[in-house]
Amino acid sequence: QVQLGESGGGLVETGGSLRISCAASGRTVAMGWFRQAPGKEREFVAAISWRGRGTYYGDSVKGRFTISRDNAKNTVYLQMNSLKPEDTAIYYCAGDPSLSVLPVPASPQFWGQGTPVTVSS
């Protein structure tokens, strides 16, 4: 079993940066971030293998977002730069061994409660 808890969401201006975190307890697995904006489907953002050697990104965030992890702290991070209003969403942390390879699973096994990110225009 894996328990996940996100933190660090908030309000940021267009072009700004924000880092959100996901603290995990339980066994170490590949992790990822998904997001869901109001009225839209859930979207894959990024994933990282359990050792951190493999990372994957959704097309809309490539070159702007960076996923990383610190297994000593059981924490995964998402550094978001050059934020745009269309990045506004609830960001969910997810855990699943299958997140270490493409294609990532649409419904990972473990989920956090989400943290809101709002980018003002």
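Reported count of residues in region 68-90, each being among the hydrophobic types (A, V, I, L, M, F, W, C) and open to solvent by 40 Å² or more (accessible area, probe 1.4 Å), is 2.
When region 67-90 is filtered for residues that are over 14 Å from residue 34 (Cβ atoms), small (Gly, Ala, Ser) and over 10 Å from the mean Cα position of the chain (by Cα), the ones remaining, listed by number, are 72, 82. For region 17-51, filtering for residues that are assigned to a loop (DSSP other than H, G, I, E, B), open to solvent by 30 Å² or more (accessible area, probe 1.4 Å) and within 20 Å of residue 5 (Cβ to Cβ) leaves 4.
Checking the conditions here, which among 2, 12, 76 is among the hydrophobic types (A, V, I, L, M, F, W, C) and over 22 Å from residue 106 (Cβ atoms)?
On inspection, the qualifying residue turns out to be 12.
When region 91-117 is limited to residues that are open to solvent by less than 60 Å² (accessible area, probe 1.4 Å) and of a type in the set (Val, Ile, Thr), the one that is farthest from residue 35 (Cα to Cα) turns out to be 104.
Against the list (1) among the basic types (Lys, Arg); (2) open to solvent by 50 Å² or more (accessible area, probe 1.4 Å); (3) in contact with a helix residue (DSSP H, G or I) (Cβ under 9 Å, 6 or more places away or on another chain); (4) modelled with pLDDT of 95 or more, the condition residue 64 fails is (2).
Select from region 52-64 the residues that are in contact with a Leu (Cβ under 7 Å, 6 or more places away or on another chain) and either closer than 17 Å to residue 23 by Cα or assigned to a loop (DSSP other than H, G, I, E, B) (or both) and list them in ascending order. Break it down stepwise before answering.
Of the residues in region 52-64, the ones in contact with a Leu (Cβ under 7 Å, 6 or more places away or on another chain) are 56.
Hits for region 52-64: nothing passes.
The values are calculated or read from the model by the stated rules, or taken from the named source; none is laboratory data. Predicted model, so just to flag it, every value in this text is computed and none were measured. All Cβ positions, even for glycine, are placed from backbone atoms using ideal geometry, and neighbour counts span all protein chains on display. What goes into the accessible areas is simple: the full protein's heavy atoms, side chains included, and nothing from ligands, DNA or RNA. Shrake-Rupley method; radii C 1.70, N 1.55, O 1.52, S 1.80 Å.
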